[in-house]
Every structure is written in C-alpha cells, then in structure tokens.
Amino acid sequence: MARYTDAACRLCRRESQKLFLKGERCYSPKCSLERRNYPPGQHGQGRKKTSDYGLQLREKQKAKRFYGLLEKQFHNTFLKAARRKGITGENLLVMLEMRLDNVVFRMGLASSRKEARQFVNHGHFTVDGRKVDIPSYEVKPGQKVAVRKKSHSSPKFKEIRDFQITSPEWLSVDFDKLEGMVVSYPTRNAIDTPIAEHLIVELYSK
C-alpha cells in the first residue's frame with residue numbers, strides 16, 4: 001500500500017499552516033512551522049505570485065494532507081461525493097470526516113490522524129463489536145467505535161484515557177470505556193478543518 005514516508009513537518013511548512021500531523025509536538029515550541037514559517041526547499045523564502053489554478057491546487061493538497069490521503073484515494077472520494085445528492089464540496093468533507101481513522105482522532109482516542117490510522121491498521125478498534133482494520137471504512141450514524149478489550153491495557157490507551165479532549169457535537173465519547181458513538185453526520189458548520197472546498201470542486205471540474 002502506497003503511503004507518504006517523508007518528514008510530516010515539511011507538509012505543514014509547504015501549506016504554511018498547521019496540519020496537526022505530529023500530535024503533541026504540533027502544540028509545542030518544537031513545531032517546525034513555529035521555527036521556520038516558510039515553505040521547504042531552496043526557493044521557500046522567495047516571493048511568488050499564485051495563480052487561480054495554484055490556489056485551487058494548494059487547497060486540494062492541503063485537504064489531502066489534513067486527512068492523510070494520496071491522490072488516487074482522494075480523487076476517488078471526490079467522485080463518490082459528486083455522485084451523492086447535495087453540495088459536492090460539503091459531501092466531500094463529510095465523507096472525509098466519517099472515515100474510521102478520522103472518527104477515532106475526533107473522539108480523542110488518538111493524538112493525530114496518523115496515529116489513529118496506525119491504531120486502526122493494527123486492529124485496535126472495533127465497529128459495532130467487529131474488528132475493523134481499514135482506515136477508510138466509512139462509519140455511519142448509530143455505529144459504536146471502541147478500543148478492543150485486549151488493547152485497554154496498552155500504556156498508550158491509558159495515557160489517552162487520562163488526557164481527555166472535547167469531541168465535536170456529532171460524536172459522543174465515554175473515555176472510561178474507551179468507546180464512542182457517531183450520533184449524526186457532521187454539518188458543514190461542525191467541521192472546523194480550514195478548507196475552502198469550493199476550490200477543490202473548481203479544480204476537479206476543469
């Protein structure tokens with residue numbers, strides 16, 4: 001399976017925005033964007049006028065990197081969103097939010113989406129009592145996502161139980177049981193990811 005293996009902090013610097021790919025490091029002074037707030041590479045500090053296409057491309061790249069998808073996977077998700085009823089851009093964001101790895105992250109059961117994806121790949125989570133190890137699995141309202149019983153003793157999950165975060169309104173979480181439920185599909189206002197989805201739609205519509 002293809003995956004990005006280079007330095008995660010380069011992606012934040014390239015987008016000139018924190019993508020929160022490194023968990024706690026992103027909130028500390030060690031964050032690369034805090035120390036070098038310009039794109040990577042020898043031309044990173046040069047000024048360059050961005051075209052409309054450039055703005056659309058950057059928005060797509062930013063969305064891909066926020067949710068940890070590569071191009072083919074992201075494009076396929078967009079095509080599915082375009083076939084659904086409603087506004088394509090909003091459909092896209094909702095589908096990205098309903099991925100199992102993102103739901104695990106939003107519930108606060110992982111410190112980053114990358115870590116959540118790793119937890120899911122390693123079989124630490126169940127959906128409605130059945131083990132699911134596919135990060136792109138689309139969770140639906142009413143389904144329960146939980147850490148497997150045999151994983152509760154892991155030091156990492158003990159740490160997560162102690163470090164509780166506030167989950168969005170479309171999720172309910174019980175940190176004592178290390179489980180949560182998807183209450184509903186998120187509305188656009190409930191998705192705080194700073195993405196201008198209309199630019200992505202414009203790019204793919206060319």
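The values are calculated or read from the model by the stated rules, or taken from the named source; none is laboratory data. These numbers come from a predicted model, not from an experiment. Cβ atoms come from the backbone with ideal geometry, glycine included; neighbour counts cover every protein chain shown.
Quick rundown of the values:
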item: Looking only at region 156-171, and only at residues there that are within 18 Å of residue 122 (Cβ to Cβ) and buried (at least 17 other Cβ atoms within 10 Å of the Cβ), the one that is modelled with the lowest pLDDT; result: 160
item: Residue 165 vs. criteria assigned to a loop (DSSP other than H, G, I, E, B) and either not assigned by TED's automatic domain parsing to the domain that holds residue 104 or not aromatic (Phe, Trp, Tyr) (or both); result: yes
item: Looking only at region 114-150, and only at residues there that are hydrophobic (A, V, I, L, M, F, W, C) and outside any loop (DSSP other than H, G, I, E, B), the one that is surrounded by the most Cβ atoms within 10 Å (Cβ to Cβ); result: 125
item: Residue in region 87-105 that is out of contact with any strand residue (DSSP E or B) (no Cβ under 6 Å at 6 or more places or on another chain), at pLDDT 95 or above and in a loop (DSSP other than H, G, I, E, B) present; result: yes
item: Of all residues making up region 171-185, the number that are in contact with a strand residue (DSSP E or B) (Cβ under 6 Å, 6 or more places away or on another chain) and in a loop (DSSP other than H, G, I, E, B); result: 2
item: Residue match in region 37-60 (condition: of a type in the set (A, V, I, L, M, F, W, C), touching a Phe, Trp or Tyr at 6+ places or on another chain (Cβ under 8 Å) and modelled with pLDDT of 85 or more); result: no
item: So residue 50, is it touching a residue at least 12 places away in the same chain (Cβ under 8 Å) and among the β-branched types (Val, Ile, Thr); result: no
item: Yes/no for residue 153 being surrounded by 20 or more Cβ atoms within 10 Å (Cβ to Cβ), among the hydroxyl-bearing types (Ser, Thr, Tyr) and over 17 Å from residue 181 (Cα atoms); result: no
